[in-house]
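As structure tokens, the structure follows; a few thoughts come after it.
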Amino acid sequence: MDRNNSPSPDVVTLSERNERYWQSADYTAWNAQCVSLRLSVIRGLRHRIAADAERLVRSLETRPGRRAAESVSAEILPLAEACRFLEREAAGLLAPRRLGRRGRPLWLFGVEAEVRREPVGAVLIVGPSNYPLLLPGVQAVQALVAGNRVLVKPAPGCGAPMVLLGEWLEEAGLPPGLFRVLDESAGAVAEAIAAGIDKLVLTGSADTGRAVAEQLARHLVPSTMELSGNDAVFVLKGAEVEQVARALAFGLRLNGSATCIAPRRVFVPRGMAAGLEDALVRHAAAIPQVPVPLPTRRRLASLARDAVAEGARALGIVPTEERPAMTPLILADARPGMALLREEIFAPVLSLVPVRDMVEALEAAAHSPYALGASVFGPVAQARELAGRIDAGTVTINDLIVPTADPRLPFGGRHASGWGVTRGAEGLLEMTQVKTVSVRRGRLRPHFDAPREGDDALMLAALRLFHGGPGTRTEALRRMLRAVRGRSRN
């Protein structure tokens, strides 16, 4: 194939490009060219994001109760950083990995091997309403850099930032048709799955994840799902109570507390509970009320009333159906068995759970089916040790939420909080599928010959020689030599 007269590698269909891979004399160079072209598009997108950030801010104005500064810090700036991460790291991560002689079985002499990362095909990204730019945006640019075609289904009322992103990608050089924004209706997901996709990436509730996973199972389509959270906060003895209270108030305020890793369950030693309660109430009083959807208010009101009936104390106004907005609600003296502590609520609410120690705290935390994120406050050495025992996809020490914006970090949950990861190197590689290629050099192919008498003895001797324990190898070597002589005579 004459590449000088052929279209750019990113303008062809997947099947055409895969054919070119096979016809290419140097797959590594061809793959690097493809990745370089994709990264030039992402670089252009990043520059446009910086130049026209105000337009992105306006596209996010439908997010209730959010200020412009929060849109920049929580969505736009992290998206730009994610693009720059890909510009720096994607070429190396997507490059074929050639395996040397080290670790190669002796009997595979002459075999060269490599591991390749290839696109999966068409990737459907289902975006959430709480971060309608950052979450689907990062997933989309990672999928594109990996060489996929991307379909994005925004949450209802949240399509504007994705439409703008698509326009800027094409202006930066992305061929038309490789990025498409679907209808915002729920039926668009089922239609896309039925039409044929190769992978789905969903950010949403556990209920939505279950429903979509059932549809995918019928088509044997793999997925990455970031689902519900009910995040735990562990307060160690020695933690600065005032700092913890400020952090928790930040978690209640950020994005109206509609963040999947916002604090919901705070496990605090009994001797520190009263002090933390007083400090938290003081800081939470400065948080303005935020609009909360009626179904969420109705569900939260019911759960809060049940918790109070079971012994919790409501520090704040329990939301009602009549009031469209609510101020932060703190429930003191909560217990891990309460339903409120086992369900996802996208509203400014958290529960303080007094515990004897962190052993009891870990046992209490396990009552929730969700394991997305967690935070630990206290002396760093002790916090690191506790982090190793927490069952969660991400753990932050002496901070909340913000460190997870690091583009180098993968993000994903466990159990009812989903599977797979997005972002970081691992998130990029999830947008690929693995292919291994092995090449045998030379003309010697003894395994092509029909089995001969004595082959079993030879292979058993080789097994014991290469893998036997101490004291067995000398005898194994003698048996191998006898087997070789016997085989040559036969």
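The values are calculated or read from the model by the stated rules, or taken from the named source; none is laboratory data. These numbers come from a predicted model, not from an experiment. Every residue, glycine as well, gets a Cβ built from its backbone with ideal geometry; the counts of neighbours run over all protein chains shown. Heads up: the accessible areas ignore ligands, DNA and RNA and are worked out on the full protein's heavy atoms, side chains in. Shrake-Rupley method; radii C 1.70, N 1.55, O 1.52, S 1.80 Å.
Considering every residue within segment 331-351, establish whether at least one is touching a strand residue (DSSP E or B) at 6+ places or on another chain (Cβ under 6 Å), modelled with pLDDT under 95 and farther than 27 Å from D399 by Cβ. No, segment 331-351 contains no residue that is touching a strand residue (DSSP E or B) at 6+ places or on another chain (Cβ under 6 Å), modelled with pLDDT under 95 and farther than 27 Å from D399 by Cβ.
In this structure, A29 qualifies as of a type outside the set (K, R), in a helix (DSSP H, G or I) and either over 21 Å from E171 (Cβ atoms) or touching a residue at least 40 places away in the same chain (Cβ under 8 Å) (or both). In summary, V380 fulfils each of the numbered conditions (1) aliphatic (A, V, I, L, M); (2) surrounded by fewer than 19 Cβ atoms within 10 Å (Cβ to Cβ); (3) within 30 Å of R210 (Cα to Cα) with the single exception of condition (3).
So that you can scan it fast, the table gives a plain yes or no per residue for (1) loosely packed, with under 14 Cβ neighbours inside 10 Å; (2) small (G, A, S):
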site	(1), (2)
P407	no, no
Q433	no, no
T436	yes, no
G442	yes, yes
F448	yes, no
R464	no, no
G468	no, yes
T474	yes, no
R478	yes, no
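The set of residues from segment 19-51 being at pLDDT 95 or above and open to solvent by 40 Å² or more (accessible area, probe 1.4 Å) comprises R43, R46, H47, R48, A50, A51.
For V421, state whether it is in contact (Cβ under 8 Å) with a residue 40 or more places away in the chain, more than 26 Å from A301 (Cα to Cα) and not small (G, A, S). When the stated conditions are applied, V421 passes them. Counting only strands (runs of 3 or more DSSP E) that sit completely within segment 66-165, those holding 3 or more residues that are surrounded by fewer than 19 Cβ atoms within 10 Å (Cβ to Cβ) correspond to 97-99, 111-119. The residues listed here are G427, G388; of these, the one that is open to solvent by 30 Å² or more (accessible area, probe 1.4 Å) and either over 14 Å from N230 (Cα atoms) or not aliphatic (A, V, I, L, M) (or both) is G388. For segment 275-290, which positions are open to solvent by 30 Å² or more (accessible area, probe 1.4 Å) and closer than 14 Å to V318 by Cα? Hit for segment 275-290 is Q289, nothing else.
Within segment 291-330, if we keep just the residues that are small (G, A, S) and not in a loop (DSSP other than H, G, I, E, B), the residue that is modelled with the lowest pLDDT turns out to be A325. What's the total number of residues in segment 179-189 that are over 19 Å from L134 (Cα atoms), open to solvent by less than 50 Å² (accessible area, probe 1.4 Å) and either among the charged types (D, E, K, R) or in contact (Cβ under 8 Å) with a residue 12 or more places away in the chain (or both)? So the count comes out to 2. In segment 79-105, the residues that are over 17 Å from M431 (Cβ atoms) reach residues that are in a helix (DSSP H, G or I) with C-beta atoms within less than 7 angstrom, at least six apart or across chains, in these pairs: A80/R46; A80/I49; A80/A50; R84/R46. For segment 449-469, a residue qualifies if it is under 45 Å from the mean Cα position of the chain (by Cα) and either touching a residue at least 40 places away in the same chain (Cβ under 8 Å) or more than 17 Å from L106 (Cα to Cα) (or both), and the qualifying residues are A462, F466, G469.
When you scan segment 141-178, how many residues do you find that are closer than 22 Å to Q33 by Cα, charged (D, E, K, R) and in contact (Cβ under 8 Å) with a residue 24 or more places away in the chain? Of the residues in segment 141-178, 2 are closer than 22 Å to Q33 by Cα, charged (D, E, K, R) and in contact (Cβ under 8 Å) with a residue 24 or more places away in the chain.
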